[in-house]
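Contents: one structure, followed by commentary.
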Amino acid sequence: MSSGAHPVTHSAWAGPARIGPLRLTAANATVLFAVRFLRFFTIRGLFSDVEGEVVFDEAHPGETSLVARVAVQSVQTGNRLRDAHLRSSRWFNVKTHPHIEMRAHLAERAGAGVRVVGIVTIKGRQAPVEMPCTTRSEDGVSVEMVGRFVIPRASYGVGPPPYGVAPWDPRAYFVDDGVSVELRLRLDQ
């Protein structure tokens with residue numbers, strides 16, 4: 001990964017934008033998640049160890065790329081026992097699959113934001129994702145890009161069944177299949 005310059009041309013994202021190559025670290029990238037538990041509670045967490053690189057050039061969209069990897073070991077939900085359970089073979093299996101990765105191959109302007117299309121790999125399984133992103137600049141100097149998408153944990157074999165059990169079975173309501181993911185990138189000049 002390059003650690004070179006990372007020009008950001010923006011004026012509240014008016015006009016062509018060029019970002020990168022920008023090295024992603026825990027200092028400028030955050031991966032948050034939320035999942036419903038027992039239909040009444042939401043468990044929120046984050047992965048604190050992020051690495052990768054982003055390049056976005058609106059004038060040359062074919063040169064756009066995003067690679068973001070999180071270390072599963074860095075999962076934090078505010079409960080040490082739950083975090084250890086998430087690292088276990090029943091959930092993320094950190095010993096065999098230590099990383100979750102997103103690789104984007106397309107980014108294009110969509111209204112005031114950006115639409116990113118890519119592949120997410122979890123536990124060796126891949127599935128496509130589309131991530132609409134919004135951008136904002138509060139100080140006129142730095143830009144924050146926030147992308148959100150939902151992944152079905154069953155597609156990646158994350159967590160125990162009850163995915164696929166009958167809706168009347170109480171196990172179907174323990175942990176929802178859909179996990180909301182939020183990727184925040186700080187794109188400083």
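For the range 123-155, what are the residues that are closer than 19 Å to residue 33 by Cβ, of a type in the set (Gly, Ala, Ser) and either part of a strand (DSSP E or B) or touching a Pro at 6+ places or on another chain (Cβ under 9 Å) (or both)?
Scanning the range 123-155 gives 127, 147, 154.
Is there any pair with a first residue in the range 23-35 that is basic (Lys, Arg) and a second that is loosely packed, with under 15 Cβ neighbours inside 10 Å whose Cβ atoms are under 6 Å apart and which are 6 or more apart or on different chains, and what are they?
Correct list of pairs: 23/1; 23/3.
Which numbered condition trips up residue 172, out of (1) at pLDDT 85 or above; (2) crowded, with 16+ Cβ neighbours inside 10 Å; (3) farther than 22 Å from residue 48 by Cβ; (4) not charged (D, E, K, R)?
All conditions pass for residue 172, except number (1).
The values are calculated or read from the model by the stated rules, or taken from the named source; none is laboratory data. This is a predicted model, so every value here is computed, not measured. Neighbour counts run over all protein chains shown; Cβ positions are idealised from the backbone, glycine included.
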